[in-house]
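The values are calculated or read from the model by the stated rules, or taken from the named source; none is laboratory data. Note that this is a predicted model, so its numbers are computed, not measured. Because the Cβ atoms are built from the backbone with ideal geometry, glycine has one as well, and the counts that use them run over all protein chains shown.
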Amino acid sequence: MHKHHRALGLATAPTGTRSGADIAKTRPVQPVTLLRPHAARRAARFFLDRFPGRSLYAVKANPSPDLLKILWDEGVTHYDVASIGEVRLVRETLPEAMLCFMHPVKAEEAIAEAYFDHGVKTFSLDTLEELDKIVRATATGGEAATDLNLLVRLQVSSKHAKYSLASKFGADASELKALLFGARQASDALGICFHVGSQAMSPAAFADAMERVRDAIVEASVTVDIIDVGGGFPSTYPGMEPPPLEAYFQLIHAAFEALPISYSAELWCEPGRALCAEYASLLVRVEKRRGDELYINDGAYGALFDAAHVGWRFPVALVREQESVTKCMDFSFYGPTCDDLDHMAGPFELPADTKAGDYVEIGMLGAYGCAMRTTFNGFGVDSVEIVDDEPMATLYGAASAPTRSNVVTL
Ligand SMILES: *Cc1c(COP(=O)(O)O)cnc(C)c1O
């Protein structure tokens with residue numbers, strides 16, 4: 001991190017014709033979400049060009065229709081949806097998209113609507129009960145469907161991830177063989193899927209999980225057509241700089257090639273965070289300063305849920321008229337609601353003279369940030385602006401996009 005900051009004047013700003021600083025100049029009273037379509041496009045292209053298989057977008061990370069259209073235009077054809085609400089939304093936004101209903105526990109009515117009304121053929125499951133449900137819900141006049149792709153979700157370790165997804169879902173070892181067997185009989189294509197947990201900081205997470213896949217295939221001796229390695233691909237945050245994504249892709253490719261599966265088997269992944277973290281940031285105003293605490297106008301009930309509840313750190317930059325010449329120091333943030341829980345510990349590193357009336361850009365909020373806003377306590381009405389300067393950090397094309405310093409001078 002930069003202990004001394006450089007001022008990044010508009011003249012030296014990397015690309016933009018319109019930047020977060022331009023928006024700050026208008027002195028917005030409400031928080032403003034800054035959208036960077038070019039960053040989402042770049043992430044999509046990266047996965048489409050370099051992941052050695054098919055990349056599905058995990059819609060829960062950010063279901064914004066604008067983003068869905070950007071990803072579709074860039075070539076993302078398959079979408080991982082987890083609720084009937086997401087099924088309807090993506091179907092409405094992208095009529096030709098392939099939807100994969102990857103929540104292992106679904107309402108029977110949701111399965112039926114997805115299959116009959118929205119053309120969804122791909123479902124995940126982790127119990128024999130769910131298999132029965134899917135078979136029942138997709139049958140026509142007593143005839144079982146013959147066009148299902150069924151992916152059995154394995155339980156794998158989340159030890160390399162910042163966010164565990166290990167305890168809630170995943171087939172029980174005692175049932176796994178029967179489940180793979182039953183799903184094979186009920187499906188056109190049989191798959192195995194897993195999720196190593198979100199923000200997996202080591203590619204080894206995927207190698208370990210692929211070992212579980214291998215054991216399951218050998219044990220059940222079934223033919224498997226799809227291996228879906230799920231999401232978990234990291235993005236970059238202060239104190240969490242992951243290895244390059246290529247290292248993940250290489251390990252996954254090598255492990256996939258070594259599996260006892262047919263030559264025509266497909267490899268899938270379901271990135272959420274990695275495709276959209278850089279898509280959005282947030283411009284907030286400091287309403288009050290108390291020592292090293294800044295009271296800002298967005299928080300835990302807005303786009304900063306993870307900063308409040310999981311201690312997630314995000315990159316920040318002071319955006320103000322006058323260049324700051326002070327050193328940086330660590331701040332924590334309070335959000336605008338009357339709730340003590342509306343506190344983001346950070347630390348967030350900003351110039352020591354940051355004060356009420358200043359604007360701060362908080363980066364990397366495109367995934368699990370803007371998607372989680374509420375209107376609790378009358379806050380949360382925000383405006384949206386499209387900008388084309390670089391995101392505050394990037395995993396993609398670092399050479400052309402230097403990580404920005406903590407201060408942007410207007
Ligand atoms: C949340 C989720 C994803 C996306 O995870 P990221 O960590 O954002 O990449 C993918 N697949 C499933 C089944 C999920 O629940």
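Annotations
- Asp215 meets each of the listed conditions (1) more than 22 Å from the chain's Cα centre (by Cα); (2) crowded, with 20+ Cβ neighbours inside 10 Å; (3) part of a helix (DSSP H, G or I) apart from (2).
- Residue check for Ala137: at pLDDT 95 or above, of a type in the set (Gly, Ala, Ser) and in contact with an Asp or Glu (Cβ under 6 Å, 6 or more places away or on another chain): yes
- Flag for Arg88 being of a type outside the set (Ser, Thr, Tyr), more than 16 Å from the ligand (Cβ to nearest atom), assigned to a helix (DSSP H, G or I) and within 21 Å of the chain's Cα centre (by Cα): yes
- Screening Asp80, Asp49 for residues that are under 20 Å from Ile226 (Cα atoms), of a type in the set (Asp, Glu) and within 15 Å of the ligand (Cβ to nearest atom) leaves exactly one candidate, Asp80.
- Asp292 meets each of the listed conditions (1) crowded, with 17+ Cβ neighbours inside 10 Å; (2) modelled with pLDDT of 95 or more apart from (1).
- A single member of Asp172, Asp188, Asp208 is acidic (Asp, Glu) and under 23 Å from Thr138 (Cα atoms), and it is Asp188.
- All of (1) out of contact with any Leu (no Cβ under 8 Å at 6 or more places or on another chain); (2) away from the ligand (no atom under 12 Å from the Cβ) hold for Arg212 with one exception: (1).
- Boolean, Asp330 is at pLDDT below 90 and touching a strand residue (DSSP E or B) at 6+ places or on another chain (Cβ under 6 Å): no
- Members of segment 237-266 found to be surrounded by 13 or more Cβ atoms within 10 Å (Cβ to Cβ), over 14 Å from Ala205 (Cα atoms) and touching a Ser or Thr at 6+ places or on another chain (Cβ under 8 Å), listed by number: Ile261
- Summed over segment 134-183, the residues that are assigned to a loop (DSSP other than H, G, I, E, B) and within 16 Å of the ligand (Cβ to nearest atom) give a count of 13.
- When Gly197, Gly230 are checked against the criterion of being within 16 Å of the ligand (Cβ to nearest atom), modelled with pLDDT of 95 or more and touching a helix residue (DSSP H, G or I) at 6+ places or on another chain (Cβ under 9 Å), a single residue qualifies: Gly230.
- Counting the residues of segment 218-236 that are buried (at least 18 other Cβ atoms within 10 Å of the Cβ), of a type in the set (Gly, Ala, Ser) and more than 30 Å from Ile362 (Cβ to Cβ) gives 1.
- Complete set of residues in segment 360-384 that are within 16 Å of the ligand (Cβ to nearest atom) and either hydrophobic (A, V, I, L, M, F, W, C) or surrounded by fewer than 18 Cβ atoms within 10 Å (Cβ to Cβ) (or both): Met364, Leu365, Ala367, Cys370, Ala371, Met372
- The single condition from (1) at pLDDT 95 or above; (2) outside the structural domain of Phe331 (by TED's automatic domain parsing) that Ile261 fails is (1).
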